[in-house]
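Contents: one structure, followed by commentary.
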Amino acid sequence: MAPAVTHRGIVLRVADVGDYDRMLTLLTPDAGRQSAFCRGCRKPGAKNLAAAQLFVLGDFQLQPRAATPSLLQSQVHESHYALRLDYARLTAASGIAKLALAASLPDAADTPLFELVLEAFDSLCREAAPEVVAAQAALRMLDLQGLAPRLDACCRCGDIPTRGLTFASVEQGGALCGLCAARCTDAIPLTPAQLAALGDTAAPWGRQALPAAFVADFAATHLHLRGPLPTPAAPAPSPAAIPEFM
Ligand SMILES: [Zn+2]
């Protein structure tokens with residue numbers, strides 16, 4: 001049997017199996033996306049119960065197996081518990097997790113993506129504006145993947161209008177001139193400040209005037225998500241519905 005391997009990782013998805021087991025999907029810096037089967041971890045007092053929770057940062061010792069590695073031992077470094085305390089942060093973190101799963105590959109090291117997700121989760125825990133952090137994380141993930149919106153010229157005709165670009169389109173992949181915007185059904189007007197913000201991936205977390213709905217739509221489309229991205233700006237469900245989100 002192959003030797004067990006320990007990965008630093010963040011839990012981005014959990015799926016309960018049977019009465020006591022759980023499947024985790026981890027994002028790791030050294031081995032990209034990893035699945036881990038946690039046998040018995042939902043029993044009260046189980047040793048891996050604390051680590052087998054959404055958004056946890058920890059060390060996970062995995063035993064490689066033919067189908068899915070098993071989680072042997074774990075150590076929690078940061079539970080990111082605050083992300084589960086209110087709907088806006090939970091939605092932002094869930095959206096970031098969804099995008100990171102789409103952007104990551106199994107067994108492919110990706111330290112920048114791991115660090116981006118960790119920074120975004122830490123910022124959300126520090127009470128940075130959830131809708132801003134969600135949009136910033138989405139934009140930075142697109143940038144890492146080489147899929148950021150094109151902003152230097154109209155992405156349909158290549159023109160650089162003298163009065164600047166004032167529209168953008170998800171389908172076309174970035175900024176548009178007025179003439180092309182009139183021909184694109186999904187074109188939306190953006191202010192010069194919003195367009196400038198779309199090109200800035202180094203602003204402090206939680207403080208950036210991004211067009212959040214446009215970024216969410218852009219990321220969901222260009223990272224090929226199935227369905228729209230949950231956004232914190234959407235109306236909150238009743239408190240009773242929140243646990244189902246986990
Ligand atoms: Zn154009």
Quiz item: Looking only at the range 39-62, which residues are among the polar types (S, T, N, Q) and either more than 27 Å from the chain's Cα centre (by Cα) or in a loop (DSSP other than H, G, I, E, B) (or both)?
Solution: N48, Q53
Quiz item: Out of (1) near the ligand (Cβ under 10 Å from one of its atoms); (2) buried (at least 16 other Cβ atoms within 10 Å of the Cβ), what's the single condition that is false for Q194?
Solution: (1)
Practice problem: Considering only the range 82-102, state which residues are more than 10 Å from A134 (Cβ to Cβ) and in contact (Cβ under 8 Å) with a residue 40 or more places away in the chain. | Solution: A82, L83, R84, Y87, L90, A97, K98, A100, L101, A102
Practice problem: Please go through the range 163-197 and pick out each residue that is aliphatic (A, V, I, L, M), outside any loop (DSSP other than H, G, I, E, B) and farther than 19 Å from P232 by Cβ. | Solution: A168, A175, L176, L179, A181, I188, A193, L195, A196
Exercise. Within the range 1-12, work out how many residues are more than 15 Å from T68 (Cα to Cα) and in contact with a Lys or Arg (Cβ under 9 Å, 6 or more places away or on another chain).
Key: 1
Quiz item: If you scan the range 220-245, which residues turn out to be surrounded by fewer than 16 Cβ atoms within 10 Å (Cβ to Cβ) and at pLDDT 80 or above?
Solution: H224, R226, G227, P228
Quiz item: Among the listed residues A209, A216, A203, which satisfies the condition of being within 30 Å of L85 (Cα to Cα), under 14 Å from the mean Cα position of the chain (by Cα) and in contact (Cβ under 8 Å) with a residue 12 or more places away in the chain?
Solution: A216
Exercise. Can you tell me which residue within the range 70-84, out of those that are touching a strand residue (DSSP E or B) at 6+ places or on another chain (Cβ under 7 Å) and small (G, A, S), is nearest to L118 (Cα to Cα)?
Key: S74
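Which of the residues belonging to the range 149-162 are assigned to a loop (DSSP other than H, G, I, E, B), closer than 24 Å to A212 by Cα and either within 12 Å of the ligand (Cβ to nearest atom) or of a type outside the set (A, V, I, L, M, F, W, C) (or both)?
Applying the first criterion (assigned to a loop (DSSP other than H, G, I, E, B)) to the range 149-162 yields 149, 151-162.
With closer than 24 Å to A212 by Cα added as a condition, the list becomes 149, 151-156.
P149, D152, A153, C154, C155, R156, listed by residue number.
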Exercise. Six or more apart or on different chains, Cβ under 6 Å: which pairs go from a residue in the range 147-176 that's closer than 14 Å to I188 by Cβ to one that's aromatic (F, W, Y) and within 13 Å of the ligand (Cβ to nearest atom)? Could you list them?
Key: L176/F167
Quiz item: Does A31 meet the test of being touching a residue at least 12 places away in the same chain (Cβ under 8 Å) and touching an Asp or Glu at 6+ places or on another chain (Cβ under 8 Å)?
Solution: yes
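The values are calculated or read from the model by the stated rules, or taken from the named source; none is laboratory data. These figures come from a predicted structure and were not determined experimentally. Don't worry about glycine lacking a Cβ; one is built from the backbone with ideal geometry, like all the others, and counts go over all protein chains shown.
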